[in-house]
1. Can you send over the carbon and sulfur percentage of the accessible area for segment 199-244, probe radius 1.4 Å, protein chains only?
2. Could you rank the peptides 273-283, 327-337 by their average count of other C-beta atoms within 10 Å per residue, with the highest value first?
3. So with the 1.4 Å probe, I'd like the accessible area per residue for segment 230-343, rounded to whole Å².
4. Label points 7 Å out from Cα along the Cβ direction at Thr238 and Ser308: separation in nm?
5. Testing the spin-label approximation: label points 7 Å from Cα along Cα→Cβ at Gln278 and Ile377. State their distance in nm.
6. What is the percent carbon and sulfur in the accessible area of segment 278-429, measuring with a 1.4 Å probe over the protein chains and ignoring ligands?
Amino acid sequence: MRAPSQKDWETIFSAAALLFASMSATSSAFVSKNNATPQRHMPTLFQTSTSDLDLFIHSIDGTLASMTEFKSKIAIRAALRVWPSMNSVVEELGMEPLDNNASTDDYSWLIQKLGALSSITQQGDSPDEMLGCDEVLLVRMLLEEQLLDAGRSSGRGGKYGGKFHPSKSASIDVGEKPTVGSRPLTVGEIFANWSELRYVTHNKYPFLKQSQDGKQKMSDPLPEIRRVLCELYSLAKTETTQIWFPFASDILGNKNINNVLLIGNEAILDFVLSSLEQLLGDTVQVSVTDSTRAWEKIKQQQDEVGHSLLIVVPDTATEEPQSDLIQSIVGSAASEHDSANRNIYVTHGSLETLKKCKAFLGGDDPPILSNGLRKCIITNDPSKTSATLFLPSWSQNVHPTQLNEAEMDPWLNVISEELFEELTSAVII
């Protein structure tokens, strides 16, 4: 064997250098990929088109509109009316009394804190949860906590201090009153322990009413909270609050698709109708029904040349949950004896509602994967009816932990705003 020449050594060194460069590039790409911010998986809908018989069921709040701030302001007013003694607490915190015409600037910290917790106080499956009864209890707890804080956290800066605490305290000085604990609970602590905190607040602060003999009588605050909220929402129908997302008018004004809107509580209906009129004018006919007549109305809507907009209202007297409204519509669609294929797309801002839908969409049988979507096949013969459940990623009422939970659930899909718009416009005409 001959010894390598100078040219051979140059060739070997060149090959080694190329190999090292290739390995370095591969290693850098691997490190870069693993250090990059993880991207949330979203299904691809480009190959999905919908037919004229397909049905789109949307929750209004969280899907097509953001009522978070509006509901928080209603909840604050309700708490001050259910417990009039809280008006003195508000004054001690250096905040102006709140009435229908007052500025809410002093309450911005409270509105922002309520908004950060809206996923547990404004969303749920029952009419009470969708009305915001829990948020009224939360208002009482947050104001009491801020009072006990004796101004220690007021005027704080930082990412959270300035956002979730008052900017001033007019009549409370640090150390003026004894306090329980060293600070108000953080948003994360309230989120993690709300079930226990709600129970304590509900039982600690009853509704006080003066009886005929002049004595104060204590009772469960929830009936009064419901009554006051319903009254405040009925007054709010004349307001011009902008709640709709920018894409809502295109989706709701599209007469080529079958849109069904689910309202959380009957008390909010007049406000929603007034707000829809401001959004759409008289370009779309709007009809209202309950779950017992919803499917017949939907079939009438499908026979129309230009589809109308249908709002389904729960029976508040029987505390009809959102999942029951969906079950009634899906069950009726599945019982049709024809050869039509129907796809039902349900987008709801409440994870709890979507999870309860799983019980009537196959139970233990997992859905199929179709075009990147987890789809539940309900009937196969003679007709084929399927339901697809979506949790909107753009909703302020959806917590990041809820998005993660939905992604891990085989029955649920997390959908982005862009793909939602694509899905609702992919109709075969």
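1. C and S fraction of accessible area: 53 percent.
2. With the highest mean Cβ count within 10 Å placed first, the list reads 327-337, 273-283.
3. Working: 5130 Å² over 114 residues.
Ligands and nucleic acids excluded, the result is 45 Å² per residue.
4. It is 2.8 nm.
5. Those two pseudo-labels are separated by 4.7 nm.
6. On the way: 3260 of 6870 Å².
With neighbouring chains kept in place, the figure for segment 278-429 is 47 percent.
The values are calculated or read from the model by the stated rules, or taken from the named source; none is laboratory data. This one's a predicted model, so the numbers in the text were calculated from it and none came from an experiment. Note that each Cβ is placed from the backbone with ideal geometry, even for glycine, and that neighbours are counted across all protein chains shown. Areas reflect the complete protein model, heavy atoms only, side chains present, ligands, DNA and RNA absent. Shrake-Rupley method; radii C 1.70, N 1.55, O 1.52, S 1.80 Å.
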